[in-house]
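These notes are about the structure you will find just below.
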C-alpha cells in the first residue's frame with residue numbers, strides 16, 4: 001500500500017462493525033465440504049423487501065448438497081432492526097446452507113459526504129478491503145436467480161479483475177481511453193477480489209474520487225469500468241442476461257453493442273437463464289395492481305413491457321418468504337423504488 005493511504009486503509013476496518021449470524025454452529029465444516037459461494041449486496045431500509053425476494057430466489061435454487069451461501073450485506077445508516085430481523089429469518093429455513101454477515105457502514109458513510117457516488121456503489125468498491133474472500137458475486141436487488149450458482153462462482157477469471165454482462169452504454173465513453181466493447185453492467189458481477197487487492201485497485205479508486213478533473217458524468221457504473229479496465233471479461237450470457245422478451249426485444253442490443261454477440265447465444269441464455277437482471281422496464285416487475293393484491297391473478301397487462309414475462313416468477317419467490325403480504329403492501333405504497 002502507498003504510504004499516503006496507509007492511515008485511511010487501516011481506519012476503514014475500525015469504522016465498520018461486522019456481525020455474523022449463523023444457525024448451524026458446524027458452519028466451518030459445512031463450508032469445507034461444500035462450495036462456499038460469497039455474495040455481496042448493498043442494503044438500505046427502502047430496498048429491503050425487494051432484496052429479500054432476490055435473495056430467496058438464490059437460496060431456493062441453491063444445491064443444498066454442494067453449495068453453502070455466505071451473504072455479505074453492506075448496510076446503509078438507515079437499515080433498522082426490523083430490516084435485520086426480516087433478513088435473518090432466512091436462516092430458519094436454510095440453516096445448513098447459509099451464513100449472513102452484516103456490515104454496519106454508518107461511520108464509513110460519513111467519509112463520503114462530498115463524494116458523488118451512491119452509497120451502494122461506494123460501499124461495494126471498498127468490499128475488497130472488508131470481505132475475506134478471493135472472489136465474490138455482486139448482485140443487485142432487481143435480479144432473479146433460477147439455478148445453483150456454484151458453476152458461475154468457479155469461473156476462470158483469466159487474469160481479469162471482474163466478469164460481467166456487456167452493456168450498450170459503452171458507446172459514449174471512448175473519451176476515457178477505454179475500449180468500450182468491454183464495458184459491463186454493474187448489476188451482476190463476479191469479482192476477483194484477490195487480484196483487486198494484489199494490484200491495489202483501491203489506490204486508483206481513492207485517486208478517482210478525489211480527482212475533480214475526471215469526467216465520469218457522476219456515473220457509478222462508468223467509474224467501476226474505469227477502475228478495472230482493461231482487465232474486464234464477459235460472463236457467460238446466462239449469468240446476468242437482461243429481461244428481453246425475445247429476438248425482437250434484444251435486436252436493438254445486438255445492433256448497438258460493439259462486442260460481437262450472436263443472437264442464438266442470447267436466445268439460448270434467455271431460454272435457460274441462471275440470472276435475469278430486470279433493467280429494461282418501468283415500473284419494475286414487483287409492482288402489482290390492486291386487483292392482484294386482492295387475489296385476482298388477471299393483473300394489469302402492460303403493453304410492450306418485458307417485465308411482465310417474469311412478473312409471476314417474482315411473485316413466486318416473494319410468496320416463498322414469510323412476509324409476502326407485507327412485501328406486497330409495502331411496494332404498493334412505495335412506488336418510487338426502482
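Taking other C-beta atoms within 10 angstrom as a stand-in for reagent exposure, 281, 75 fall in the order 281, 75, fewest first. With a Förster radius of 25 Å, plug the Cβ-Cβ distance of residue 329 and residue 23 into 1/(1 + (r/R0)^6) and report the FRET value to the nearest 0.05. So, using R0 = 25 Å, E works out to roughly 0.35.
Ranked by the mean number of other Cβ atoms within 10 Å of their residues, highest first, the peptides 82-92, 40-50 fall in the order 40-50, 82-92. Considering only beta bridges that DSSP places wholly inside the range 3-280, some 40 percent are antiparallel.
Each peptide among 324-330, 268-274 gets the average number of other Cβ atoms lying within 10 Å of its residues, and from highest to lowest they stand as 268-274, 324-330. In terms of the Cα gyration tensor, with a ≥ b ≥ c the square roots of its eigenvalues, is the range 3-280 rounded because a/c is under 1.5, prolate because a/b exceeds b/c, or oblate? Judged from the Cα gyration tensor, the range 3-280 comes out oblate (a/c at least 1.5, b/c at or above a/b).
If you average the C-alpha positions of the range 142-158 and of the range 242-278 separately, how far apart do those two centres end up, in angstrom? Measuring centre to centre over Cα atoms gives 17 Å.
Since every read-out is calculated from the coordinates, none of them should be taken as a lab result. Please read all numbers here as calculations on a predicted model, not as lab measurements. As a convention, Cβ positions derive from the backbone with ideal geometry for all residues, glycine included, and neighbour counts pool all protein chains shown.
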